[in-house]
1. With Q365, Q380 as the choices, which residue is loosely packed, with under 11 Cβ neighbours inside 10 Å, of a type in the set (S, T, N, Q) and touching a residue at least 12 places away in the same chain (Cβ under 8 Å)?
2. If you take the residues of the stretch 141-170 that are among the hydroxyl-bearing types (S, T, Y) and modelled with pLDDT under 80, which of them is nearest to L203 (Cα to Cα)?
3. Restricting attention to the stretch 219-226, does a residue exist that is assigned to a loop (DSSP other than H, G, I, E, B) and closer than 23 Å to L108 by Cβ?
4. Could you please let me know if S195 is free of Cβ contacts under 8 Å to residues at least 60 places away in the same chain and either surrounded by fewer than 23 Cβ atoms within 10 Å (Cβ to Cβ) or not in a strand (DSSP E or B) (or both)?
5. So which residues in the stretch 225-264 are touching a Phe, Trp or Tyr at 6+ places or on another chain (Cβ under 8 Å), buried (at least 17 other Cβ atoms within 10 Å of the Cβ) and among the polar types (S, T, N, Q), if there are any at all?
6. Pull out all pairs, ordered by first then second residue, where Cβ-Cβ is under 6 Å, the residues are six or more apart or on different chains, the first lies in the stretch 204-220 and is more than 15 Å from Q15 (Cβ to Cβ), and the second is assigned to a loop (DSSP other than H, G, I, E, B).
7. State whether one or more residues within the stretch 362-385 are on the phi < 0 side of the Ramachandran plot, small (G, A, S) and modelled with pLDDT under 80.
8. Could we say that P355 is surrounded by 12 or more Cβ atoms within 10 Å (Cβ to Cβ), within 23 Å of Q250 (Cα to Cα) and outside the structural domain of A310 (by TED's automatic domain parsing) here?
Amino acid sequence: MGVFEELQGRGMIAQMTNEEKVKDLLNNHKIKFYIGFDPTADSLHVGHFVQVMVMSHMQKAGHTPIALFGGGTGMIGDPSGKTDMRKMLTRETIEYNISRFKEQMSKLIDFSDGKAIMVNNADWLMNLNYINFLREVGVYFSVNRMLSFECYKQRLERGLSFFELNYMLMQSYDFLILNREHDCVMELGGDDQWSNIIGGVELIRKADQKDVYGMTFALLQTSDGRKMGKTEKGAVWLDPEKTSPYEFFQYWRNVDDADVIKCMKLLTFLPLDEIAEYEKLEGSEINKAKEKLAFEVTKLIHGEDEANKALQAAKSLFGAGAHDENMPSTEIGDDVFADGKVSVIDLLCITKLAPSKGEARRLIQQGGISVDDVKVTDIQTAVTPADFEKGHVIIKKGKKAFHRVVIK
């Protein structure tokens, strides 16, 4: 099976500019392709995961990935999928974010010996001569056509700045530069990048009379169309300091039944025939598939040791006591106790199991909180240092969220 069929079988491919040619390039040639990543945060998140997996599949098939970091475009911000203008970042922040991206990406992409290439578009965008850029690039873009694209249409109601209108030209120019300097013939990206990718394909055809190609991938969404990778605490990050390996594991362990097979296909290297066996599971047996998904994804991002720790911690939660040391923990000092006690409401906020005291009260009133396996029914309930006799207390929210509280 060629890599085109592999990607298609995993449900990764969304749109292509020329299916027949793309299929031929992927299966019968060795090409250079690129995916762009704007360094708007200091970590990749779950939303980037599919694209990094595609890069890895393509590299394993003999193609050369170019990871383009948007040191230049990141200073503008892509309006695609956004209702508000992005916060402008300093150059120093962007450079730091790029260094973090490189480190995380290297877990799945082999950058040794020219097997993959890293570039930063700040190298050619930051010192552009604006008049020359308009003459070389701007002349090929119709504003009427640009405003017909979904990425701009959805911003027009809220206000689209000229600043952001330039983004498509910048991204298209990236493709032109990479084609000229690295013989890059294909741009890949999430399906929300379709219009930007078309911009680059058309620019190269008009400016250099060359044929290049684009392909987009399915966005990581639930079966009912919601974006995956969000929790009550915010985004699910690949950085263990921002989302611990245990929390990362638990996120995948708790995906909806309807999403587990899709996630297996998109986010693991498990063979499709093995995934097909998991697809046959029904009822509570589906938990085996969820556990396998969580283990495989955590292993890819955090390594096998952390995946095993997270797996054992998850299993211990359903055994006696639920006190595994690998579950998320918070240390509290004596200063937390007032009159020899601390309310469960305060503990829920301290551990971030609840974002506010109002939400903590609601959780207790709805019967969703237990402390050391005892359901909390009174919002006035508190714990004392004596409750920490075994060294900790375990707070449980709902059926799946556990947190260990330890006195320093």
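1. Answer to the selection: Q380.
2. If we take residues in the stretch 141-170 being among the hydroxyl-bearing types (S, T, Y) and modelled with pLDDT under 80, then Y152 is nearest to L203 (Cα to Cα).
3. Among the residues of the stretch 219-226, at least one is assigned to a loop (DSSP other than H, G, I, E, B) and closer than 23 Å to L108 by Cβ, which makes the answer yes.
4. no
5. T243
6. Qualifying pairs under 6 Å: I204/K210; I204/V212; L220/M228.
7. Among the residues of the stretch 362-385, not one is on the phi < 0 side of the Ramachandran plot, small (G, A, S) and modelled with pLDDT under 80, which makes the answer no.
8. In short, yes.
The values are calculated or read from the model by the stated rules, or taken from the named source; none is laboratory data. These numbers were taken from a predicted model, which means no experiment stands behind them. Methodologically, a virtual Cβ is constructed for each residue, glycine included, from the backbone with ideal geometry; neighbour enumeration extends over all protein chains shown.
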